[in-house]
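Have a look at the structure below, then the notes.
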Amino acid sequence: MKKLSIILLILAFISTVSFAQDKKMGVSVQGALVLPMGDFGDVADMGFGGTGTFLYNLNKNLSITGTVGYISFSGKDDIGFDDYSFSMIPILAGVRYYFAPDNFKPYVSGQLGIYSTSVSYTMPAYTIGGVTFGGGEVDASDSEFGFAFGGGFLMPLGTNMNLDVNAAYNIVSDADFLGINVGVNFGL
């Protein structure tokens, strides 16, 4: 089994190198600063995380994208949710449209997919008249359909690397947020 895994890894590397000749594909790795919006912003503080995006260029102006990420939020202390944590794994597919096919490339994007969410909350224990109520940890997870739209730009940092800066508004059930992403984009 180990030998088969090594052979598959070598074949994947060779196929990636062979595609590098025409730069039809790319990868973007980014850090994310995430601002909760609406009702979600009332209970969650600013979040942090990262994303990885695979891009397949259909032409100089249009790419198909696939994105996977991880985002973590904490609860707001001022409303009694200090033992609250929330995390999200977005798995999205979409498109990017580039307005300028040359060096500096502003773009708009749209994506849709599944947001896998997880919440953990430690309930305080209350004692009333000698009887204790509550206490303990509550965990829940769910998957929600959602979509994101936004824009950004690519700016060259070298012959095969770009600075990738973008912002996207994500609409996910009761957990809407604005993600601000900064990272690098590599042509494969």
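What is the spin-label model distance, in nm, from Ser87 to Thr159 if the labels are put 7 Å beyond Cα along the C-beta direction?
Each label point lies 7 Å from its Cα, and together they span 4.0 nm.
Pairs on different chains or at least eight residues apart, Cα atoms closer than 26 Å: how many lysine pairs in the chain fit?
Lysine pairs, 8 or more places apart or on different chains, close enough: 5.
Using every pair of alpha-carbon atoms in the chain, split the distances into 10 Å bins beginning at 0 and state the percent of pairs per bin, rounded to integers.
Percent of pairs per bin, in order: 9, 30, 26, 19, 10, 4, 2, 0.
Going by the alpha-carbon gyration tensor, a ≥ b ≥ c the square roots of its eigenvalues, is segment 50-100 rounded (a/c under 1.5) or, if a/c is not under 1.5, prolate (a/b greater than b/c) versus oblate?
Details: a/c = 5.68, a/b = 3.25, b/c = 1.75.
It comes out prolate by the Cα gyration axes.
Compute the helix-to-body angle for 2-19: its Cα long axis versus the longest principal axis of the chain, expressed 0 to 90° and rounded to tens.
Compared with the principal axis, the helix lies near 60 degrees.
Magnitude of the Cβ-charge dipole of the chain, K/R +1 and D/E -1, about the Cα centre, nearest 20 debye?
Here the size comes out at about 1380 debye.
Return the FRET efficiency for the residue pair Val182, Tyr121: r is the Cβ-Cβ distance, R0 is 25 Å, and the value is rounded to the nearest 0.05.
0.20
First check a/c for segment 105-156, with a ≥ b ≥ c the square roots of the eigenvalues of its C-alpha gyration tensor; if it is under 1.5, answer rounded, and if not, answer prolate when a/b is larger than b/c or oblate otherwise.
Prolate, because a/c is 1.5 or more and a/b exceeds b/c.
Which residue, Gly38, Gly47, Gly146, has the most motion in a Gaussian network model of the chain that connects Cα atoms within less than 10 Å?
Gly38
Could you give the size of the charge dipole of segment 22-109 about its Cα centre, using +1 on the Cβ of each K and R and -1 on the Cβ of each D and E, expressed in debye and rounded to the nearest 20? Walk me through the intermediate numbers first.
Values: 6 positive and 9 negative charges, 183 e Å.
Value, rounded to 20: 880 debye.
Once both labels are modelled 7 Å past Cα along the beta-carbon direction, what's the Ser173-Val138 spacing in nm?
Distance between the two pseudo-spin positions: 1.4 nm.
FYI, it's all coordinate maths here, none of it is from the lab. All of these numbers come straight from a predicted model, not from anything done at the bench. Reconstructed Cβ throughout: ideal geometry from the backbone, glycine too, with neighbour counts over all protein chains shown.
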